[in-house]
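J.: The structure follows.
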Amino acid sequence: MADVNLAFCLSPLFRLEGKAQTQEARFWYFSWKEALYGAYSLLALSNRFINKSVENCLACQSKILTFPNAHKVGLKIPNSLISNSKLSIDSFFNNNSQVVLKTLHQMSLNFENEPTMLLTQKVCEQDFSNYSQQNESPLFLQDYIDKLYDIRLVVIGLEVMACKIDASRSPIGRIDYRAYDLPNTPHYHVEVPLELKHKIVALCQAIHLEYACIDICIDSSQQYWLLDINPFGKYLWMEYATGMPITRTLSQFLVCRQVLSQF
């Protein structure tokens with residue numbers, strides 16, 4: 001590993017889903033996992049891994065960790081609940097007029113032999129009328145923000161680049177732009193207020209992220225709301241759509257960061 005100056009990881013491990021689930025395939029997969037994660041840890045010990053470590057990246061995907069840190073730097077977050085308590089769930093619906101259900105962690109799914117994902121969707125209290133008092137999986141509920149549009153921020157060191165994603169005219173992407181109704185979801189390179197940039201950078205520094213894609217939205221009162229943080233976030237489709245120089249900015253950062261890691 002001595003000849004590796006710096007590691008930047010957008011996907012720490014390929015997915016096992018969709019591959020043959022034989023004993024041999026599982027052995028092959030977990031052998032690769034142990035080898036790769038061991039290499040990542042070795043690089044992290046000598047400050048040669050972007051975002052501190054894979055373990056830190058995985059932790060920073062957790063809303064339970066990132067939301068309190070976001071509050072500390074002054075970012076607004078919709079009212080949220082992560083719980084499997086029926087009493088708490090019912091109370092949340094009583095205290096919020098519109099509620100959406102989100103996943104705690106995205107996973108690969110298949111529908112009619114096509115890859116898919118669970119998108120954010122509006123729900124009501126009746127949807128959980130059969131929810132058990134015990135042993136149910138935790139839910140992630142959030143107050144619905146009637147947004148004007150989404151903004152995906154790409155944080156690279158101290159640089160914050162912003163892409164406006166306007167799905168307001170999309171019948172399927174209005175709540176979650178990841179429905180990727182691209183003809184009805186224009187993308188624009190925009191600037192966000194300097195105060196917001198400072199808060200975003202402060203959040204990333206607090207949780208040791210040098211790179212992240214961060215989803216926010218803006219409502220009719222011009223309030224910005226933090227929705228999600230992804231240390232493994234993808235950006236290339238935004239670069240194609242807007243011409244944002246994300247790859248160039250990232251490359252320049254990695255070159256500078258490589259030099260710093262040697263001291």
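The values are calculated or read from the model by the stated rules, or taken from the named source; none is laboratory data. Bear in mind that the values here come from a model prediction, so they are computed numbers and not experimental data. Here the Cβ positions follow ideal geometry from the backbone for every residue, glycine too, while neighbour counts run over all protein chains shown. Accessible surface areas use protein heavy atoms only, side chains included; no ligands, DNA or RNA. Shrake-Rupley method; radii C 1.70, N 1.55, O 1.52, S 1.80 Å.
J.: Any residue that is among the β-branched types (Val, Ile, Thr), out of contact with any Cys (no Cβ under 8 Å at 6 or more places or on another chain), outside any helix (DSSP H, G or I) and open to solvent by 50 Å² or more (accessible area, probe 1.4 Å) - is there at least one of those in the stretch 90-104? I'd like the intermediate steps shown before the answer.
T.: At the first step, the residues of the stretch 90-104 found to be among the β-branched types (Val, Ile, Thr) are 99-100, 103.
Now drop any that are not out of contact with any Cys (no Cβ under 8 Å at 6 or more places or on another chain), which leaves 100, 103.
Right, trim to outside any helix (DSSP H, G or I) and you get 100, 103.
Adding the requirement that they be open to solvent by 50 Å² or more (accessible area, probe 1.4 Å) leaves none.
No, the stretch 90-104 contains no residue that is among the β-branched types (Val, Ile, Thr), out of contact with any Cys (no Cβ under 8 Å at 6 or more places or on another chain), outside any helix (DSSP H, G or I) and open to solvent by 50 Å² or more (accessible area, probe 1.4 Å).
J.: Does any residue in the stretch 116-141 that is free of Cβ contacts under 8 Å to residues at least 60 places away in the same chain and within 24 Å of Leu65 (Cβ to Cβ) come within less than 8 Å, Cβ to Cβ, of a residue that is surrounded by fewer than 12 Cβ atoms within 10 Å (Cβ to Cβ) and among the hydroxyl-bearing types (Ser, Thr, Tyr) six or more places away or on a different chain, and which pairs are these?
T.: As it stands, the answer is none, since no pair meets every condition given.
J.: For the stretch 105-117, how many residues are surrounded by 13 or more Cβ atoms within 10 Å (Cβ to Cβ) and at positive phi?
T.: Initial filter on the stretch 105-117 (surrounded by 13 or more Cβ atoms within 10 Å (Cβ to Cβ)): 106, 117.
Then drop every residue that is not at positive phi, which leaves none.
Counting residues in the stretch 105-117 that are surrounded by 13 or more Cβ atoms within 10 Å (Cβ to Cβ) and at positive phi gives 0.
J.: Just give me the residues in the stretch 118-142 being at pLDDT below 85 and either closer than 21 Å to Ala179 by Cα or open to solvent by 60 Å² or more (accessible area, probe 1.4 Å) (or both), in sequence order. Explain how you work it out, then say what you get.
T.: Restricting attention to the stretch 118-142, the residues satisfying the condition of being at pLDDT below 85 are 132-135.
Hits for the stretch 118-142 are Gln133, Gln134, Asn135.
J.: So, one more: So the check is Cβ under 7 Å with 6+ separation or different chains; which pairs have a first residue in the stretch 147-159 that's open to solvent by 10 Å² or more (accessible area, probe 1.4 Å) and in a loop (DSSP other than H, G, I, E, B) and a second one that's among the β-branched types (Val, Ile, Thr) and modelled with pLDDT of 95 or more?
T.: From residues that are open to solvent by 10 Å² or more (accessible area, probe 1.4 Å) and in a loop (DSSP other than H, G, I, E, B), the pairs are Leu158/Val201.
J.: Could you please find all residues in the stretch 68-84 being touching a residue at least 24 places away in the same chain (Cβ under 8 Å) and either over 24 Å from Cys204 (Cβ atoms) or assigned to a helix (DSSP H, G or I) (or both)? Lay out the reasoning, then the answer.
T.: The initial filter retains those residues of the stretch 68-84 that are touching a residue at least 24 places away in the same chain (Cβ under 8 Å), namely 69-70, 72-84.
Result: Asn69, Ala70, Lys72, Leu81, Ser83, Asn84.
J.: Now, a different point. Output the number of the condition that Met117 fails; it satisfies all remaining conditions of (1) closer than 20 Å to His189 by Cα; (2) touching a strand residue (DSSP E or B) at 6+ places or on another chain (Cβ under 8 Å).
T.: Result: Met117 fails condition (1) only.
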